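Have a look at the structure below, then the notes.
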Amino acid sequence: MASAASSLPLLVSSLLLALFALGAHADVKRYQFDIVMSNVSRLCHEKAMVTVNGSYPGPTIYAREGDRVIVNVTNHVKHNMTIHWHGLKQRRNGWADGPAYVTQCPIGSGGSYVYDFNVTRQRGTLWWHAHIAWMRATVHGAIVILPAAGVPYPFPKPDDEAEIVLGEWWHADVETVERQGSMLGMAPNMSDAHTINGKPGPLVPFCSEKHTYALQVQSGKTYLLRIINAAVNDELFFSIAGHNMTVVEIDATYTKPFAASTVQLSPGQTMNVLVSADQSPGRYFMVAKPFNDYAGVPTSVVPALPQTMPATNSTGSVAAFHDKLRSLNSPRYPADVPLAVDRHLLYTIGLNIDPCETCLNRSRLAASLNNITFVMPRTALLQAHYYGQKGVFAADFPDRPPARFNYTGVPLTAGLGTSLGTRLSKIAYNATVELVLQDTNLLSVESHPFHLHGYNFFVVGRGVGNFDPAKDPAKYNLVDPPERNTVGVPAGGWTAIRFRADNPGVWFLHCHLEVHTSWGLKMAFLVEDGSGPDESVLPPPKDLPKC
């Protein structure tokens, strides 16, 4: 029996039983997040790093659909800090969303800020993370939203469940890694290992044996795994040796169930899967190097490795997996896909080279949407919008790229400069929006996971090559497309999403590969107020941090 796992099922069960017992009475969940420096050792390397409450990953937030969540964040470190509640829609309440200099100024050293928000019409697995610089590498954790009391899952009830947080480990301080890359004008160093629940597992050499996550299960029982890709810069496959998984949820929205031996998640995405312990008792590796441990099996038994993992460049298997994703679209959980579109947007994704006199090659890597590298302001955009402050941003982000070209043709290596700007796209309240995200071959094609704050959206289409507005919309799925908050744009291809702009405020759209966000692959929507207070941004809280 693996000692690391022996108490886990009891711990998870006790937490869930406590939540079920309280569900009928408690509708406010309160948490204290202390941002502190902690000494953490992995792979024979010890370093001081920023954590929440001294744990890595940080504590899990548990709530029910309909609950109010109050989290007091106190910053005890020298770095500025914000927390983003990834996937929570924050209806009219961008003040609780968390991206630094977008919806709030950061929490300074010694300061506190209370994130106060409601969990409205959402249930499933989401996550929270720091949203400033590269702090989310170590400051992150799971959010588990149970259905409202008395409401069952729309799939067979599991016997137990556990969170599986996929992440990355750097020997060096991640902020130093990012600064070094920026000073050189080059891509920063990659991580030293991937982790599950903060542990790299026994297949990584150098002192990893004691840093292995083990989940002990019992034969014949079914488990719900809540998988989160918290990696900073890597899209990941996930597989369990000898076991199929049944996908039942993505980004806290239910799906039509389907079986898969391997699933794929981009950074920022979450996925719930059911796994039956239906194999002979033994030890079975998960990818990312932890393992799934059957009760009573000696640790001397060599774990089995997954045999069906796709190659790292297997775009076909990724496309086939995503083609199977469908919204549940049931009477209780309908897929309310916008059929008529008020605003058609096309954003080209580019990797660029800008001049830099202090950099190694007198140039630096950059990234852009519609050839605009986004410049973060020194005042939070939502505050500037709410108070009518001038000179912070321009509301003129273009609906289309400045010039049409063969976006995914031969690599373009000339004329790779961009324009710099803090430019937002203004959207009328309740307008329906279709956004096509088009990858380009500026320098090279590359896949990009894009996250939209404040909204879910429907992924109505995707394809390789250049989007054809005359032909491709005829192939859209407008019946039961997957509903997400983070979507992958395939390398050398495009993805089309639709949403209704019924949440007023300023909402960030950015690549969730942190290296690309650092280079400027981001923008924001300014969704105007509607008519009356129920369609307007709430007043800011009194403790909102100041810049």
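The values are calculated or read from the model by the stated rules, or taken from the named source; none is laboratory data. Just so you know, these numbers come straight off a predicted model, no measurement behind them. All Cβ positions, glycine included, derive from the backbone under ideal geometry; neighbour counts span all protein chains shown. Accessible surface areas use protein heavy atoms only, side chains included; no ligands, DNA or RNA. Shrake-Rupley method; radii C 1.70, N 1.55, O 1.52, S 1.80 Å.
Overview of values
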read-out	value
Near pairs, Cβ below 9 angstrom, 6+ apart or cross-chain, from segment 227-248 (free of Cβ contacts under 8 Å to residues at least 40 places away in the same chain and in the same structural domain as P57 (by the TED database)) to any residue that is assigned to a strand (DSSP E or B) and crowded, with 22+ Cβ neighbours inside 10 Å	none
Pair list, Cβ under 7 Å, 6 or more apart: segment 514-531 residue under 19 Å from P398 (Cα atoms), other residue surrounded by fewer than 19 Cβ atoms within 10 Å (Cβ to Cβ) and among the small types (G, A, S)	L526/A395; E528/A428
Conditions (1) at pLDDT below 95; (2) under 27 Å from the mean Cα position of the chain (by Cα); (3) open to solvent by less than 40 Å² (accessible area, probe 1.4 Å); number of the one not met by D354	(2)
Residue among P205, P188 that alone is assigned by the TED database to the domain that holds S280 and modelled with pLDDT under 90	P205
So P147, is it open to solvent by 30 Å² or more (accessible area, probe 1.4 Å) and either in contact with a strand residue (DSSP E or B) (Cβ under 9 Å, 6 or more places away or on another chain) or not hydrophobic (A, V, I, L, M, F, W, C) (or both)	no
Residue under evaluation A162, criteria (1) within 30 Å of R500 (Cα to Cα); (2) open to solvent by less than 10 Å² (accessible area, probe 1.4 Å), criterion not met	(1)
Within segment 404-430, tally of residues that are assigned to a loop (DSSP other than H, G, I, E, B) and more than 22 Å from V464 (Cβ to Cβ)	9
Test for N406: is it among the polar types (S, T, N, Q) and open to solvent by 10 Å² or more (accessible area, probe 1.4 Å)	yes
Qualifying residues in segment 35-93 (those that are among the small types (G, A, S) and modelled with pLDDT of 95 or more) - the one surrounded by the fewest Cβ atoms within 10 Å (Cβ to Cβ)	A48
Odd one out for R136, checked against (1) surrounded by 24 or more Cβ atoms within 10 Å (Cβ to Cβ); (2) within 22 Å of K29 (Cα to Cα)	(2)
Wholly within segment 176-231, strands (runs of 3 or more DSSP E) carrying at least 2 residues that are farther than 30 Å from L360 by Cα and of a type in the set (S, T, N, Q)	222-229
